[in-house]
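Engineer: Let me give you the structure first, and then I'll get to my questions.
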Amino acid sequence: MVLNFNGGQYVLDAIAALEKTEWPRERLELVVIDNASSDGSDGEIERRFPGVRLIRSPRNTGFPANNLAMRDLEEVDYVALVNNDAFVTPGWLAPLVQTLEADPSLGAACPKILFAPTFADLVVESPTFVPPGDGRALGARVSAVEVAGVDRLAEAQFVDGFYGLETGSAPEPQFAWSSARSTIRVPLAPDEPGPHAVRLRLAAERTKEVTLRDSTSATSVTVTEDPTWFDVSLDGPGYDVVNNVGSRLVRLGFGGDRGYLERDAGQFDQPEEVFAWCGGGVLLRREYLERVGLFDESFFLYYEDTDLAWRGRAQGWRYQYVPASVVRHLHAASTGEGTAVFQHYVERNRLLMLLKNAPWSLLSNAVYRYLRMVASFTVRLVILPLARGRRPNPTIPVRRMRSFTDFLRRAPGALRERRGLRKRQVVADAELLRWMVDQ
């Protein structure tokens with residue numbers, strides 16, 4: 001089952017991959033729920049894939065639109081969810097089915113979800129400076145990454161020394177500052193062994209010499225205040241990076257992708273029980289959904305899978321990670337990690353999930369720390385700049401308070417659900433919280 005919202009070519013590729021699944025066709029129904037797309041992708045699905053059952057939602061109800069199909073589970077043994085920007089491998093389904101059939105206490109089996117491209121490392125070495133009031137040692141700004149002439153900034157991974165993507169203005173609407181030595185994981189052109197032609201757009205606070213280094217060579221370039229393109233060549237083939245190998249519960253009640261951003265070097269090649277599953281790729285048992293329920297439709301985006309997994313665990317269900325099943329995912333292709341939409345729903349829904357499922361001590365600590373964080377942002381980005389005669393930047397504290405206000409507005413409904421869930425809970429909170437990890 002695939003949920004589509006303006007999926008464009010991604011959803012067509014996702015369905016094409018699903019049609020290659022190695023499973024008897026008479027025992028496999030492909031279902032697409034279209035969430036009121038406006039890009040014509042629903043019509044293209046209907047035209048190109050006549051064997052696919054297309055369910056149209058009259059409006060965009062977010063990820064819980066999956067419920068439109070999951071309410072009708074007659075003659076269904078298992079329900080598979082696959083993102084519209086995820087691409088299954090032909091043999092992905094059989095290991096998941098075999099796992100669930102071998103253990104009736106399992107409510108879900110989840111695959112190894114890898115990032116869609118493979119990657120090669122490009123190291124940026126630069127002299128640094130510390131801006132007043134910032135505290136970070138900044139080297140050079142990277143505002144564009146092209147591979148074989150195609151913009152791949154959204155898929156590039158800024159790790160080991162980078163400070164993450166920030167929002168700017170033209171000609172650098174997004175950029176990431178390096179430190180003295182930082183690594184970009186460059187997504188490689190598919191099905192090409194290399195070398196790969198890569199272009200970076202770099203700038204800095206002043207003219208400086210920056211070294212670009214791959215696994216075999218180093219190039220020195222002169223970076224100035226003006227964003228400038230530089231060419232490098234990277235050898236291939238690349239390596240795989242993990243997106244999700246089952247989900248986990250992190251301190252303060254965050255949901256987290258187990259293995260996220262780790263290079264896939266065989267460390268996740270054994271089946272393991274996990275705290276939760278990721279809705280981007282999972283096989284769910286029908287009885288599990290019938291007993292635990294479907295997605296919480298008030299969530300709209302994010303944490304609805306962790307919420308459902310937590311509800312199931314509290315009622316005695318377990319989940320298994322199955323490495324023999326592989327799915328590739330274009331991470332955050334739909335909403336964009338770090339956007340206002342992403343931040344609003346992630347922060348609001350985490351608190352709603354805790355209000356429904358967690359012990360009061362965990363919820364109260366999470367709320368306290370959240371409000372303390374908002375106060376810190378307000379002081380740093382609003383009060384101190386005003387006191388120093390500079391322009392304040394209230395964007396982040398305003399966004400976070402909107403999320404919290406929305407949480408409070410929905411809290412009465414979540415409290416009512418909490419009371420019902422507590423009556424059905426058979427696993428003690430202390431046992432559930434043993435799954436909690438530090439990061």
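The values are calculated or read from the model by the stated rules, or taken from the named source; none is laboratory data. For clarity, every value in this text was computed on a predicted model and none was experimentally measured. Glycine gets a Cβ as well: all are built from the backbone with ideal geometry, and neighbour counts include every protein chain shown. Accessible surface is based on the protein model in full, side chains and every heavy atom, while ligands, DNA and RNA are left aside. Shrake-Rupley method; radii C 1.70, N 1.55, O 1.52, S 1.80 Å.
Engineer: Set the Förster radius R0 to 30 Å, insert the Cβ-Cβ distance between R27 and V150 as r into 1/(1 + (r/R0)^6), and round the FRET efficiency to 0.05.
Structural biologist: Details: r = 39 Å, r/R0 = 1.29.
Rounded to the nearest 0.05, the efficiency is 0.20.
Engineer: Local charge sum around S361 (other residues, Cβ-Cβ under 14 Å, Lys/Arg +1, Asp/Glu -1)? Provide the component values of the computation, followed by the final result.
Structural biologist: Numbers: positive: R251, R369; negative: D429.
My count for the surroundings of S361 gives +1.
Engineer: Roughly how many Å² is the accessible area per residue of segment 350-439, as a whole number, for a 1.4 Å probe?
Structural biologist: Working: 5620 Å² over 90 residues.
On a per-residue basis, segment 350-439 sits at 62 Å².
Engineer: Given a 1.4 Å probe and every protein chain left where it sits, what share in percent of the accessible area of the chain is carbon and sulfur? Don't jump to the answer; show the numbers that get you there.
Structural biologist: On the way: 10460 of 20310 Å².
Roughly 52 percent of what the probe reaches on the chain is carbon or sulfur.
Engineer: Name the lysines eligible as straight-distance cross-link partners of K20: C-alpha to C-alpha under 27 Å, and not fewer than 8 places from it in the same chain.
Structural biologist: Qualifying lysines at Cα under 27 Å: K112.
Engineer: I want to make sure I understand the PRE zone here: with the label point 7 angstrom from the Cα of S364 toward its beta carbon, which residues in segment 400-439 have backbone N atoms less than 19 Å away?
Structural biologist: 408, 411-412, 415-416, 418-419, 429-430, 433
Engineer: At q = 0.17, 0.18 Å⁻¹, what base-10 log of I(q)/I(0) does the Debye formula yield for segment 371-439 when every alpha carbon is treated as an equal point scatterer in vacuo?
Structural biologist: Taking Cα atoms of segment 371-439 as identical point scatterers yields -0.81, -0.84.
Engineer: Averaging sequence separations of C-alpha pairs under 8 Å and six or more residues apart, then dividing by the length of the chain, give the relative contact order as a whole percent. Walk me through the numbers before you get to the answer.
Structural biologist: Working: 916 pairs, mean separation 77.9, N = 439.
Dividing the mean separation by the residue count of the chain yields 18 percent.
Engineer: Also: With every protein chain in place, what's the accessible area of D103 (1.4 Å probe, Å², nearest 10)?
Structural biologist: My reading of the accessible area for D103 is about 40 Å².
Engineer: To continue, here is another question. How big, on average over all directions, is the shadow cast by the Cα convex hull of segment 86-227, in nm²?
Structural biologist: Values: hull surface 48.9 nm².
Approximately 12.2 nm², given one-decimal rounding.
Engineer: I'd like to know which of Y78, Y288, P359 lies farthest towards the positive end of the charge dipole of the chain, counting +1 on Cβ of Lys and Arg and -1 on Cβ of Asp and Glu.
Structural biologist: P359
Engineer: Express the accessible area of segment 256-325 per residue in Å², computed with a 1.4 Å probe while the remaining protein chains stay in the model. Intermediate values should be presented prior to the final figure.
Structural biologist: Working: 2400 Å² over 70 residues.
Counting only protein heavy atoms, the per-residue value for segment 256-325 is 34 Å².
Engineer: Mind checking the log10 I(q)/I(0) for segment 236-356 at q = 0.12, 0.21, 0.23 Å⁻¹? Debye, one equal scatterer per Cα, no solvent, two decimals.
Structural biologist: -0.47, -1.36, -1.53
Engineer: I'd like to compare 78-91, 290-303: which one has the highest average count of other Cβ atoms within 10 Å, and what's the full order after that? If you can, show how the numbers build up before the last one.
Structural biologist: On the way: 78-91: 21.5, 290-303: 18.9.
The peptides rank, most packed first, as 78-91, 290-303.
Engineer: Here's another thing I want to ask about it. What is the Cα centroid distance between segment 337-376 and segment 165-242, reported in whole angstrom?
Structural biologist: 35
Engineer: Helix-only estimate, please: 222 nm mean residue ellipticity of the chain, summing -39500 (n - 2.57) across DSSP H runs of length 4 or more and dividing by its residues, to the nearest 500. It would help to have the intermediate numbers written out before the result.
Structural biologist: Numbers: 11 runs with 127 residues, N = 439.
Rounded to the nearest 500, the figure is -9000 deg cm²/dmol.
Engineer: Mind sorting out which of (i) 19.6; (ii) 22.5; (iii) 21.0 is the real mean projected area of the Cα convex hull in nm² computed from the coordinates?
Structural biologist: Given (i) 19.6; (ii) 22.5; (iii) 21.0, the calculated one carries the label (ii).
Engineer: Related question: Over segment 1-109, with the other protein chains present, what is the accessible area per residue in square angstrom, probe 1.4 angstrom? List each step's numbers first, then the result.
Structural biologist: Values: 5110 Å² over 109 residues.
Heavy-atom accessible area per residue stands at 47 Å².
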